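Okay, structure first, notes after.
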Ligand SMILES: CC(C)(COP(=O)(O)OP(=O)(O)OC[C@H]1O[C@@H](n2cnc3c(N)ncnc32)[C@H](O)[C@@H]1OP(=O)(O)O)[C@@H](O)C(=O)NCCC(=O)NCCS
């Protein structure tokens, strides 16, 4: 097991040497000896590849993602077995040498956002009291996609094709890491990605992939789906951005700004000028900074896999006792959602969610898409009152993980709270039943955000706060920040 092998002094020494070599080579690859960024880095920051085409620096820009002969750390990494690569990554993480974006507003104050400072987003530290677009309208939308470095091409992913979906699953599962210590990885299924990326009115053009020309390998991705939201009373159709991912061997090479610019261009082409997205890191400028909370359902397994964010010194016995749940559900009339419940759920959700300054405006078709139960994807339960009308709804979506290098466990399932709304049942009772149902469905952990009125029941139900934040952002829209309890929008991914 990785943790055990890392404690061997010999191996640790070996990893340190490799890590040092790797860092020196990576530094040569993207930085000048003085520690300032090379031209190639700056070019890709600006991303205005056309402007750069003419100049000598263009060659460097195009080469930015290309391995550079014997100095290329990625060739070196490639030649190592997968397990060794994980050990190096873990070591980089442990010694704090992996490149990190600010996780807190405090850290963000000293970070220079070369790309984000060029975008229509509020600057960090600005006091915002006005409401509306930052750029009134997009004057001219370029027809051509943004240029990519030589050797890479855009590929609009056709998510109806199982082969394409498989390639996307591989990219995300191998690179969309939950933790940078690389002991647990996402294990997105094709069904999950179809659910997340193909709601009503999804746009084919908004699934932007980057492939390597020679072998067609998918190495970058960003997607958006259309969503109607209400922001401080203004109704807007926005692009909801998701699944930004760059292959781990191409990190730190400014592919992200190019992906974001290209997606923005495609979104602008459809007449939309605003976007909503979340990130675990601080970018300019969070609309709201929310916390993730976890509730153990299978405490022993979580302890055994050392689930991130739960590393507390509880004995097995105490953990079992502390996290015990009732054998069965208690709320009368609670049952899985059926198609007939769509109008009732729509009314319940719109009534409940409209109280929050940031909320979704869901159509009946969207309620059906997002909430109709699908095994291993989305679970929704309703409470039917005595008169046959629906009084409450609770839903959670499923995120699966692969556990790496563990002698016993290979998978882990997390239920993520999606939408919950109640008009008759206490939220705490409804949520307690949701925990029981998630446990019955084989989930190991339940995760929720401190958004909406969730704090009224999360602590009572023994959810514990993790170090992970989820920052909400709006692109090209100015409005005052929101505390988490004012957020009524959930973005699964
Ligand atoms: C997030 C990820 C794509 C960033 O790639 P990277 O190689 O580290 O970054 P790049 O060199 O390509 O680009 C750096 C720029 O992208 C920005 N950036 C990094 N992560 C970002 C994010 N999640 N959202 C928006 N911008 C982001 C950086 O702030 C930086 O811009 P700046 O100069 O203005 O600060 C990559 O780390 C990844 O795939 N991670 C795993 C999946 C993931 O966490 N996705 C994000 C989900 S929100």
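Every read-out reported here was derived from the displayed coordinates using simple, explicitly stated rules and does not represent laboratory data. Remember, predicted model here, so these are calculated numbers, not experimental data. With ideal geometry, Cβ positions are generated from the backbone for all residues, glycine too; neighbour counts draw on all protein chains shown.
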Quiz item: Ranked highest first by average number of other Cβ atoms within 10 Å, how do 354-365, 254-265, 107-118 line up?
Solution: 254-265, 354-365, 107-118
Self-check item: Beta bridges by DSSP in segment 377-493, antiparallel share as percent, to the nearest 5
Solution: 85 percent
Practice problem: Report the extension gain between residue 351 and residue 117 in nm, rounded to one decimal, defined as 0.36 nm multiplied by the number of residues separating them, less their alpha carbon distance. | Solution: 80.5 nm
Quiz item: Using a ≥ b ≥ c from the Cα gyration tensor of segment 266-347 (square roots of the eigenvalues), is it rounded, prolate or oblate, where a/c under 1.5 gives rounded and otherwise the larger of a/b and b/c decides, a/b for prolate?
Solution: oblate
Quiz item: Where the convex hull is taken over the Cα atoms of segment 317-384, what is its projected area averaged over directions, in nm²?
Solution: 6.9 nm²
Self-check item: Paramagnetic reach from residue 281 in segment 201-235 [backbone N under 19 Å; point 7 Å along Cα→Cβ]
Solution: 210, 219-223
Self-check item: For segment 119-189: rounded, prolate or oblate by the Cα gyration tensor [a/c cutoff 1.5]
Solution: oblate
Exercise. Can you tell me how much longer the chain between residue 130 and residue 485 gets when fully stretched, taken as 0.36 nm per residue apart minus their C-alpha distance, in nm with one decimal?
Key: 125.7 nm
Quiz item: Hey, can you rank 242-253, 400-411 by average C-beta count inside 10 Å, highest first?
Solution: 242-253, 400-411
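What's the FRET efficiency of residue 456 with residue 80 using the Cβ-Cβ distance as r and R₀ = 60 Å, to the nearest 0.05? Display every interim value, and only then the final one.
Working: r = 50 Å, r/R0 = 0.83.
Efficiency for this residue pair is about 0.75.
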Exercise. Please sort 163-174, 220-231 by packing, taking for each peptide the average over its residues of neighbouring beta carbons within 10 angstrom, highest first.
Key: 220-231, 163-174
Self-check item: Efficiency of FRET between residue 411 and residue 142 - r from beta-carbon atoms, R0 60 angstrom, step 0.05
Solution: 0.85
Exercise. Arrange 318, 185, 237 by Cβ neighbour counts within 10 Å, fewest through most, would you?
Key: 318, 237, 185
Exercise. Find how much the distance from residue 174 to residue 338 grows on full extension, using 0.36 nm per residue of separation minus their present alpha carbon separation; answer in nm with one decimal.
Key: 55.5 nm
